[in-house]
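Below you'll find the structure, written out as structure tokens, and then a few comments.
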Amino acid sequence: MNKMLLASLKVFIWSLHPSFFPEPQFAKEHELFASINSTRVRLNLIGWNNGGCPITSFTLEYRPVDTAMWTMAQRTSLTKSYILYDLAEATWYELQMKVVNSAGFAEKKITFATLNADGSTIPPLLKTVDPITDNMSGNEGLKMMVTITCILVAAVMVFILLMVLKRRRREQRLKRLRGESEPKDTHMHTHPHTHNRNKANNNTQALFRDLCSRE
């Protein structure tokens, strides 16, 4: 009864805040491989942490490197250890595990090698290029190049636009200054004519007064 109540309480809390109970994870301080020989591997699964929620599914798959078919071993409960039998000697293998609880799931992938018949180790695995990964890397490089090119083109266009606006403002300022200076120039040009006209009038008046005095 208490276990059912506790489980119901966990489900209720998780429904309110799923991150309260984290997904399962494998502790880094635990070694996954307990023992390895030429045909058998013993896995140490005690490093898996359920994150506060019971583990509902455990899936394990393995295959020789550079092969397509996986050998699956699925268990509904996670035990402390698991043994892989009938492995080929002196062979590199790929291993992947998936552990599921009510909060989510976690995956762990790793490679290992069985020993030679005399118990000696085999040469390291040569790194192979995955065509899909390589293609994705190439696409990412192309996307990065296109992005940089677009940024540079946009920067050049903004610079040109700023220069055009600056030039237009300068032209408008010159026009405004010319418009303000034109009335002053007109006044300066008409001023000598006005002075000459006044001088002629004065001379005419003086001549008229001289004639009148003679009469």
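The values are calculated or read from the model by the stated rules, or taken from the named source; none is laboratory data. Here the structure is a predicted model, which means the values were calculated and not measured. Cβ sites come from the backbone with ideal geometry, for glycine too, and all protein chains shown count toward neighbours.
Is it fair to say Thr67 is among the β-branched types (Val, Ile, Thr), touching a residue at least 40 places away in the same chain (Cβ under 8 Å) and in the same structural domain as Ala34 (by TED's automatic domain parsing)? No. Checked against (1) modelled with pLDDT of 85 or more; (2) farther than 30 Å from Pro64 by Cα, Pro123 passes all but a single condition, namely (2). Among the residues of this structure, Ile36 does not count as one that is of a type in the set (Val, Ile, Thr), more than 12 Å from Phe112 (Cβ to Cβ) and crowded, with 16+ Cβ neighbours inside 10 Å. Quick check: anything in segment 41-62 without any contact (Cβ under 8 Å) to a residue 12 or more places away in the chain and over 14 Å from Met97 (Cβ atoms)? Within segment 41-62, none of the residues are without any contact (Cβ under 8 Å) to a residue 12 or more places away in the chain and over 14 Å from Met97 (Cβ atoms).
Residues of segment 98-112 that are free of Cβ contacts under 8 Å to residues at least 40 places away in the same chain and either out of contact with any strand residue (DSSP E or B) (no Cβ under 6 Å at 6 or more places or on another chain) or not acidic (Asp, Glu) (or both): Lys109 alone. Of all the residues in segment 81-110, those that are surrounded by fewer than 12 Cβ atoms within 10 Å (Cβ to Cβ) and polar (S, T, N, Q) number 1.
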